[in-house]
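Please read the structure below before turning to the comments.
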Amino acid sequence: MSNKKMLLKKDIKEKRELVNIEIDRYLPRKDEYPKQIHKAIRHTLFAGGKRLRPYLLINTYLLFKNDLDKVLKLAGALEMLHTYTLIHDDLPEIDNDDYRRGKKACHIVFGSDIALLAGDSLLVYAFAMIADSEIEEKLKLKVIKELSQEMGNNGLIAGQMVDIMSEGKKPSPKTLEYIHYNKTARLINIAIRFGCYFGKAEKADLDRMKKFGEKIGLAFQIVDDILDVEGNEQTLGKTIGKDKKVQKMTFPAVYGLEKSKQMATKMIEDAKKLLKPYGEKAEILLMLCDFILTRKF
């Protein structure tokens, strides 16, 4: 493993632990009554994962500021929101997946009824955590408003809905872009946007980093689609080959594998160019771009 890859792996581990501590302190203990729901909430949340969205928020913030503690609650809230989407996605009524983050999915262990409530709980806790954070009130309201828009029926839920409706239908580039922009790219982009807000970034920086978020958000999903065809279940921690089986609208289905790989590579190259003005401060984000493309350290 190269020195850069070792550095990235170490940095992800350290910041993931900071976020995990923040989340752990905020949530009820797993033995609090009613125990079953609190165990279910923690099951997928602490099953693993690199905390990519919190990591993007933190490292975008560090382009402009240094006092990391101020953004940890918001980073934790984003991870709760992300995990809520995973628990619901895995349900038999939606993507019907038995594994997540290398462990049995929440509904396999606790049942669909409790898994549904666990996801709902994480959604609620995320907003409560933001409300309890030490953020200036004006910015707090802005964050809550934007998150509700991104996660609602004109954002993430819209993407999930069209994804369900599109199964088995003729692949369409326009529909594909709509699904993945809403289901995946928006939450990745908002992590970067919030990092800019908290870092008091100038408008030019905010505009530049929004473009960066758009590029890596879509690249992340393209690579996900590719790995569903070529990936390893042990490495990914989830079932592969399901997209083709249920005729999901994916990048390989629309463009083919080779074209999809070219698209992902081009988006990552464009994303890295956008980071040039930040010099050494962007070193971690540059390394993360390479990781998003390969998913290997």
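Scanning region 248-263 turns up at least one residue that is crowded, with 20+ Cβ neighbours inside 10 Å, at pLDDT 85 or above, farther than 17 Å from R100 by Cβ and of a type in the set (F, W, Y). Put simply, of L122, L116, L147, L206 the only residue that is at negative phi, in contact with a Phe, Trp or Tyr (Cβ under 7 Å, 6 or more places away or on another chain) and either surrounded by 15 or more Cβ atoms within 10 Å (Cβ to Cβ) or modelled with pLDDT of 95 or more (or both) is L122.
For region 133-183, which fully contained helices (runs of 4 or more DSSP H) count at least 1 residues that are among the basic types (K, R), closer than 20 Å to G213 by Cβ and without any contact (Cβ under 8 Å) to a residue 60 or more places away in the chain?
Details: elements: 137-151, 156-166, 173-180.
So the answer is 137-151.
Looking across region 187-203, not a single residue is basic (K, R) and surrounded by 23 or more Cβ atoms within 10 Å (Cβ to Cβ). Scanning region 214-233 for residues that are touching a residue at least 60 places away in the same chain (Cβ under 8 Å), over 18 Å from E258 (Cα atoms) and either in a loop (DSSP other than H, G, I, E, B) or not acidic (D, E) (or both) yields one hit, I216. Residues that are modelled with pLDDT of 95 or more, part of a loop (DSSP other than H, G, I, E, B), aliphatic (A, V, I, L, M) and over 16 Å from the mean Cα position of the chain (by Cα) occur in region 49-66; there is at least one.
Is it true that E14 is of a type in the set (D, E, K, R), assigned to a helix (DSSP H, G or I) and closer than 19 Å to L123 by Cα?
On the way: of a type in the set (D, E, K, R): yes; assigned to a helix (DSSP H, G or I): yes; closer than 19 Å to L123 by Cα: no.
The answer is no for E14.
Residues of region 28-53 that are under 28 Å from I284 (Cβ atoms) and surrounded by 15 or more Cβ atoms within 10 Å (Cβ to Cβ): T44, L45, F46, A47, G49, K50, R51, L52, R53.
For region 87-109, what are the residues that are among the hydrophobic types (A, V, I, L, M, F, W, C) and surrounded by 22 or more Cβ atoms within 10 Å (Cβ to Cβ)?
Going residue by residue through region 87-109, those that are among the hydrophobic types (A, V, I, L, M, F, W, C) are 87, 91, 94, 105-106, 108-109.
Those that are among the hydrophobic types (A, V, I, L, M, F, W, C) and surrounded by 22 or more Cβ atoms within 10 Å (Cβ to Cβ): I87, A105, C106.
The values are calculated or read from the model by the stated rules, or taken from the named source; none is laboratory data. Computed from a prediction, not measured in an experiment: that's the story for all the values here. Here Cβ is always computed from backbone atoms with ideal geometry, including for glycine, and neighbour counts include all displayed protein chains.
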